[in-house]
Amino acid sequence: IQLTQSPSSLSASVGDRVTITCRASQGITNKLAWYQQKPGKAPELLIYAASTLHSGVPSRFSGSGSGTVFTLTISSLQPEDLASYHCQQVDTYPWTFGHGTRVEI
Amino acid sequence: QVQLVESGGGVVQTGNSLRLSCVVSGFTFGHFNFHWVRQAPGKGLEWLTVISFDGRNEYFAESMKDRLIVSRDDSKSTVFLQMNRLTDVDSAVYYCARSRCIGRSCQLDSWGQGTLVNVSS
């Protein structure tokens, strides 16, 4: 299953609303996770089952979608959100990732 | 607390093999599936393989399945990844991660810090 993530990078200001899209090559119901990766660090789980926030993740992050189109939204961008964001389908092995979106402040 | 610590990376010559280790602590090793994910410099994440909680099932990325061996040693709470016939495109940071299933949804909820592999001729 191929995942197409867009945009590949974006630049936004503190307080902006940011949306990242992930499209799957076939339907995956809600079997999609989002990860945040800060520079030089390992990825961290943000959202699973397309829309469920992982423990400790700020409420400004949200996920939506089902089937083939999914979105990650940051409602009010903060300086600490500087990172790359990756979607991953967990519906069928082999699991696959999107190519990532770099978010610059 | 939950910890995954990879080791075994370094410089390796083209064509050689390498065995990475991932030692875990802070939770019951035998209850979880473990995955390996890599990231080449400046690139995205690439899922490589998973070994099931009981070691009976393994899945591999199609492009890698002929060169990878994944295993686990429950007595040492350790997961291993052996990579054969290495080339420069295998140069990357290799992460070990645990998958946790909540209901019917599984995801990588804990990651190691990664180990860097540099393949050089």
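The values are calculated or read from the model by the stated rules, or taken from the named source; none is laboratory data. A quick note: this is a predicted structure, and the numbers were derived from the prediction, not measured. Heads up, the Cβs are rebuilt from the backbone with ideal geometry, glycines too, and the neighbour counts pull from every protein chain shown. Please note that ligands, DNA and RNA were not included when accessible areas were found on the heavy atoms of the full protein model with its side chains. Shrake-Rupley method; radii C 1.70, N 1.55, O 1.52, S 1.80 Å.
Side notes on the structure shown:
- Inter-label distance for A:V69 and A:T92, nm, one decimal - labels placed 7 Å from Cα along Cα-to-Cβ: 2.1
- Under 5 Å from the amide H of B:S110 lie the amide H atoms of B:R98, each residue being 5 or more positions distant or on a separate chain, with H modelled from the backbone and absent for Pro and chain starts.
- Cross-link reach is defined here as a Cα-Cα straight distance under 20 Å, omitting same-chain residues fewer than 8 places apart; for A:K41 the aspartates and glutamates meeting it are A:E80, A:D81, A:E104, B:E6, B:E46, B:D90, B:D109.
- Placing +1 on the Cβ of every Lys and Arg and -1 on the Cβ of every Asp and Glu, with nothing else charged, gives chain B a dipole about its Cα centre of roughly 100 debye.
- Projection of the Cα convex hull of chain B, averaged over all directions and equal to a quarter of that hull's surface, yields 7.5 nm².
- Counting DSSP beta bridges with both ends in chain B, the antiparallel % (nearest 5): 90
- FRET efficiency estimate (nearest 0.05) - Cβ-Cβ, A:T4 to A:T52, R0 22 angstrom: 0.45
- 3J(HN,Hα) along the range B:61-67, derived from phi through the Karplus expression 6.51 cos²θ - 1.76 cosθ + 1.60 where θ = phi - 60°, amounts to 4, 4, 6, 10, 4, 7, 10 Hz, with x in place of Gly and Pro.
- Amide hydrogen proximity for A:D16: with H placed 1.01 Å from N in the peptide plane, the residues at 5 or more positions away or on another chain lying under 5 Å are A:L77.
- Here's how it looks for B:G55: its modeled amide H is under 5 Å from none belonging to a residue 5 or more places away or on a different chain.
- Cα-based Kirkwood hydrodynamic radius, chain A, one decimal, Å: 13.4
- In the complete set of protein chains, residue-level accessible area for B:L18 is approximately 30 Å², probe 1.4 angstrom.
- For the range B:30-121: accessible area per residue (Å², 1.4 Å): 47
- HN-Hα J in Hz across the range A:60-65 - Karplus 6.51, -1.76, 1.60, θ = phi - 60°, x for Gly and Pro: 6, 8, 8, x, 8, x
- Candidate lysines for bridging to A:K38, where Cα separation is under 16 Å - those fewer than 8 sequence places away on the same chain excluded: B:K43
- Potential extension, B:T28-B:T14 segment - 0.36 nm per residue separation minus Cα distance: 1.3 nm
- Distance from the range B:19-68 to the range B:98-112 (C-alpha centre basis), Å: 13
- The phi-based Karplus calculation (6.51 cos²θ - 1.76 cosθ + 1.60; θ = phi - 60°) puts the 3J(HN,Hα) values of the range A:49-55 at 6, 6, 9, 8, 6, 5, 3 Hz, whole numbers, x for Gly and Pro.
- Taking both sides together, the accessible area buried where A meets B is about 1700 Å² for a 1.4 Å probe.
- Share antiparallel - DSSP beta bridges, the protein assembly as shown, percent rounded to 5: 90
- Between A:I105 and B:I69, the simple spin-label model (points 7 angstrom out along Cα→Cβ) gives 4.7 nm.
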